[in-house]
Amino acid sequence: MIADIKKSTEEKMKKTFEALKNDLGKVRTGRAHTGILDHVMVDYYGTQTAINSVANVSLLDARTIAVTPWEKKMVAAIEKAIRDAGLGLNPSTMGETVRVPMPPLTEERRRDLIKVVHKEAEGARVAVRNIRRDANNHLKDLLKQKKVAEDEERKAQDDVQKLTDRHIAEIDKALAAKEVDLLAV
């Protein structure tokens, strides 16, 4: 029972960290990366479809993304979807390819993005702490039901705390790396 609680706790904490990494990846630095367009949806014959399902998304250079649709008539729809996605990007069409240049970040915008990143990291820390609280409550319930001994419950709580500390350290490390990335000119 205790092993199950520890295992599910660790899985939930890993998922929280992966979600944070995914969210941090969406925060735009000055460099181009194809992940920025992952959540952009295109109107494909009346159905909202992910952009990478209707086109090839690649990098032309460090500051430009190229989107090449598999059907020529999708160029205008892809350009409109990128423009309307709220990413602050201004795509342009060159023949059958949509070029998406990354505008340089201003100092003020960098500071705003750092605030966003800090808020995301704090949300992940709170989620990890909530997972710890839930695990400790399960352990206390097992103790009340006399399914485990006090020393087993105490050791399990210590293990859960170690898991929590490790995942919060990973979150802090990812936050510091993203800050350095945002501040790099």
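The values are calculated or read from the model by the stated rules, or taken from the named source; none is laboratory data. Everything quoted here is computed from the prediction, not taken from an experiment. All Cβ positions, even for glycine, are placed from backbone atoms using ideal geometry, and neighbour counts span all protein chains on display.
What tally of residues in the range 2-29 results from selecting those that are assigned to a loop (DSSP other than H, G, I, E, B) and either surrounded by fewer than 16 Cβ atoms within 10 Å (Cβ to Cβ) or at pLDDT 90 or above (or both)? Residues flagged as assigned to a loop (DSSP other than H, G, I, E, B) and either surrounded by fewer than 16 Cβ atoms within 10 Å (Cβ to Cβ) or at pLDDT 90 or above (or both) within the range 2-29 amount to 1. When the range 89-128 is filtered for residues that are among the hydrophobic types (A, V, I, L, M, F, W, C), under 25 Å from residue 183 (Cα atoms) and outside any helix (DSSP H, G or I), the ones remaining, listed by number, are 89, 100, 102, 105. If the condition is being surrounded by 18 or more Cβ atoms within 10 Å (Cβ to Cβ), farther than 18 Å from residue 6 by Cα and among the hydrophobic types (A, V, I, L, M, F, W, C), then the range 112-146 contributes 113, 117, 121, 124. Answer yes or no: is there a residue in the range 88-96 that is surrounded by fewer than 16 Cβ atoms within 10 Å (Cβ to Cβ) and at pLDDT below 80. Within the range 88-96, one or more residues are surrounded by fewer than 16 Cβ atoms within 10 Å (Cβ to Cβ) and at pLDDT below 80. The sole residue among 83, 111, 63 that is out of contact with any His (no Cβ under 7 Å at 6 or more places or on another chain), in the same structural domain as residue 149 (by TED's automatic domain parsing) and not hydroxyl-bearing (Ser, Thr, Tyr) is 111. For residue 131, are the conditions met, namely being over 30 Å from residue 184 (Cα atoms) and β-branched (Val, Ile, Thr)? Criteria met by residue 131.
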